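Chemist: Pasting a structure here, questions to come.
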Amino acid sequence: MRLSPSVLAADFTRLGDQLDIVAASGVDAIHYDVMDGDFVPALSFGDSILKNIKNRFGDTFFLDAHLMVTEPARFAETFRKAGADNITIHIEACKHIDRSIEAVKDTGAQVGIALNPGTPLDSISEIIHKVDMVLLMSVNPGFGGQKYIEYCTGKIARLNQWKKDLGLDFSIQVDGGISPSNVKMVLDAGIDNVVAGSAVFRNDIAENCKAFRNIMNF
Ligand code: DX5
Ligand code: ZN
């Protein structure tokens, strides 16, 4: 079980110190949300903060870049160079998804495919064997602090069953509205990688990580 705190919810004036607390809490991954104001309504940041994190923390964290941008493969090399170990691209943002997946693989990074809540699982049936991770969005992407969309739980369970039927071993990540109060529900449905932004960085980071750790056993 992996917890991937989303730095979107961090205080950027104190980012390094906040990530020290995250690392000391036994967390081994960071989720990095890139938004372009086109694929999603908001803007976040480019690759420079990721580069800073890599420089300061080295291999402490598995760096997971979630590109909420139109035609994300354009930036695969940029984020790989900045230190991304995994690059996740949205099925809805790519005209030629196979080519985009190959472009990420060419950088040497692991590749994740993300689906918005309303995007059917069937849309990835032809390429599911090519990815290291499937990210099921449990909010509409673009903002932190939104409420978990309940119908996503059934979708997680169906993907998990499909994965078993196919005999594949990709990771299943959930992103949006996850807190210690609902994390067990998504784990039971088949999630092995949990993204959490506000539930990690709001108030006491060490206490928040501990609350997740007690349930997730990482
Ligand atoms: C939303 C982002 C999420 C976001 C999650 O578009 O992809 O990673 O940071 O934030 P919370 O956990 O607060 O819903
Ligand atoms: Zn994300």
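Nothing in this text is a laboratory measurement; each read-out follows from the coordinates by a stated rule. Please read all numbers here as calculations on a predicted model, not as lab measurements. Don't worry about glycine lacking a Cβ; one is built from the backbone with ideal geometry, like all the others, and counts go over all protein chains shown.
Chemist: For segment 36-46, does any single residue satisfy the condition of being within 15 Å of ligand 2 (Cβ to nearest atom), hydroxyl-bearing (Ser, Thr, Tyr) and surrounded by 22 or more Cβ atoms within 10 Å (Cβ to Cβ)?
Modeler: no
Chemist: Related question: Can you find a residue in segment 136-146 that is within 16 Å of ligand 2 (Cβ to nearest atom), out of contact with any strand residue (DSSP E or B) (no Cβ under 9 Å at 6 or more places or on another chain) and free of Cβ contacts under 8 Å to residues at least 60 places away in the same chain?
Modeler: Checking segment 136-146: at least one residue is within 16 Å of ligand 2 (Cβ to nearest atom), out of contact with any strand residue (DSSP E or B) (no Cβ under 9 Å at 6 or more places or on another chain) and free of Cβ contacts under 8 Å to residues at least 60 places away in the same chain.
Chemist: What is the one condition in (1) free of Cβ contacts under 8 Å to residues at least 12 places away in the same chain; (2) within 20 Å of residue 195 (Cα to Cα) that residue 58 does not satisfy?
Modeler: (2)
Chemist: Taking the condition of being under 19 Å from residue 53 (Cα atoms) and in a helix (DSSP H, G or I), how many residues in segment 86-102 meet it?
Modeler: Residues flagged as under 19 Å from residue 53 (Cα atoms) and in a helix (DSSP H, G or I) within segment 86-102 amount to 0.
Chemist: Take residue 89 and tell me if it is within 14 Å of ligand 1 (Cβ to nearest atom), within 19 Å of residue 198 (Cα to Cα) and either of a type in the set (Lys, Arg) or buried (at least 22 other Cβ atoms within 10 Å of the Cβ) (or both).
Modeler: In short, no.
Chemist: Return the pair list, or none, for Cβ contacts closer than 9 Å from residues in segment 1-16 that are over 24 Å from residue 173 (Cα atoms) to residues that are among the aliphatic types (A, V, I, L, M), at least 6 apart or on different chains.
Modeler: Partner pairs satisfying both residue conditions: 12/49; 16/53.
Chemist: Counting residues that are within 15 Å of ligand 1 (Cβ to nearest atom), over 12 Å from the mean Cα position of the chain (by Cα) and of a type in the set (Val, Ile, Thr), which helices (runs of 4 or more DSSP H) fully inside segment 103-218 reach at least 1?
Modeler: Answer list for segment 103-218: 183-189, 198-201, 205-216.
Chemist: Which of (1) out of contact with any Pro (no Cβ under 8 Å at 6 or more places or on another chain); (2) farther than 27 Å from residue 72 by Cα; (3) of a type outside the set (Gly, Ala, Ser) is the odd one out, the single condition residue 132 does not satisfy?
Modeler: Failing condition for residue 132: (2).
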